[in-house]
Amino acid sequence: MRKVLLDSIKGHELLARDVVSDSGIVIMTAGSPVKIEYARKLKELGYSYICVEDELSRGINEEENLEEKIKEECQDIVRDIIERYTYQGYGELEEIKNIAENIICDIVNSPNVLYSISGIRKKSESTYSHSLNVCAMSVLIALKMKLPKEKVRQIAIGSLLHDMGYNLVKIDYQDFNYLNGSKEEQKELMKHVVYGYSSVIKESWLPVASKDIILCHHERNDGTGFPFHKKGDKIKIGSKIVAVCDTFDSLTYGFMMPKLKVHHALDYILSQASIKFDFDVVNCFIELVAAYPNGTIVITNEGEKGIVLRQNTKCPTRPVLRMLSDADGNDFVNWIEKDLKVELSVMIVDALDTEEYY
């Protein structure tokens, strides 16, 4: 099974998972052939990808995907809690503590899983899926850094709420590219940290460390962040962790900035270690996220193309591949598997979008 953008459907694929509407209605059932006209209709309904079974995906290991699991369990609840609190002036924001606890439990119960990010998200999911991803990755880092349990909880709660101020900005940010915005638009978007902090300042149950994350997750190690231009040790550990995870998820999903492939986003984070981001946080982060998620088509330094079958948990940049074609573009007839943890001379030099392969 692999995820395929609807624009890439060729008409010979079989649906691997039910397509379910936001209201819970099954639109297409698993096992159905995916005709091009069906793909076109799904795109009109707001979908961007489906999961398929085809020759290319043969043998791909469907490992537990924390991103999807957490989104399915928590996204609607988080949206309801935050929107009731922000827009309607009622509701118990404190309920977010239960979501944070559930996410921590999911991660503690999956100690060896690499966080695998799909890079595909429906527009309607953007803000809340982003917050859930940032929370999950932040908890993974906090646990790996062996922070106290109470600190992990504070980071989980703060990361779930870190972008709630966007609900109060005065411009439509859903399709907004921050880099192309006017100075006035950029300043308004930057205010989301203040709007979010101001909306929870009187919440006595909310830990100071969680409030700090809402206010300071855009501060940077070199003082180039906002709102206070804090540097280095003046930034608390929770905000340092969320800064890395927030940037990575925004880059891989194109949330208000140009979208990057997962491995390019990881390269950027690594390049900013000790500059914009905390060195120890970045070192933990790059060990926890799969650079090439299962189903990714890659090119090796030998010019061959392969598809990622499964991950090596302690080597997130060196997965196991099924080779698809040789350096001359000839398809392999027999199954050839390469474990890059063993074959150290083979390196991945790029990842392809599905449509680039065909």
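The values are calculated or read from the model by the stated rules, or taken from the named source; none is laboratory data. If you're wondering where the values come from, they're calculated on a predicted model, not measured in any experiment. Cβ: placed from backbone, ideal geometry, glycine included. Neighbour counts: every protein chain shown. For accessibility, only protein heavy atoms count, side chains too; no ligands or nucleic acids. Shrake-Rupley method; radii C 1.70, N 1.55, O 1.52, S 1.80 Å.
Overall, the ratio between the Cα radius of gyration of the chain and 2.2 N^0.38 Å, rounded to two decimals, is 1.01. Using a probe of 1.4 angstrom and keeping all protein chains present, the accessible surface of the chain works out to 47 square angstrom per residue.
Taking every Cα-Cα distance in segment 220-358 and sorting them into 5 Å bins from zero, the calculated P(r) comes out as 2, 10, 17, 19, 16, 12, 9, 7, 5, 2, 1, 0 percent. For segment 100-191, the Cα gyration tensor yields ellipsoid semi-axes of 29, 15, 11 Å (square root of five times each eigenvalue, largest first, whole Å). When the accessible area of the chain is split by element with a 1.4 Å probe, what percent falls to carbon and sulfur? Result for the chain: 52 percent of the exposed heavy-atom area is carbon or sulfur. The calculated 222 nm mean residue ellipticity attributable to helices in the chain amounts to -12000 deg cm²/dmol, summing -39500 (n - 2.57) over DSSP H runs of n ≥ 4 and dividing by all residues.
Projecting label points 7 angstrom from Cα along Cα→Cβ for Glu101 and Asp172 puts them 4.0 nm apart. Think of segment 125-245 as having a plus end and a minus end, set by charges on the Cβ of Lys, Arg, Asp and Glu; of His192, Gly165, Leu143, Leu143 sits farthest toward the positive end of this dipole. Pairwise alpha-carbon distances in segment 294-358 exceed 16 Å for 39% of all pairs. Normalised by residue number, the volume inside the convex hull of the Cα atoms of segment 191-302 is 131 Å³ per residue. Viscosity 1.567 mPa s, temperature 4 °C: what is the translational diffusion coefficient of segment 1-96 from Stokes-Einstein with a Kirkwood Rh over Cα pairs, rounded to a whole number of µm²/s? Here the translational diffusion coefficient equals 84 µm²/s.
Accessible surface of Glu95, taken over heavy atoms with a 1.4 Å probe and every protein chain present, rounds to 70 Å².
Global dimensions of segment 1-53 from alpha-carbon coordinates: Rg and Dmax equal 9.8, 28 Å.
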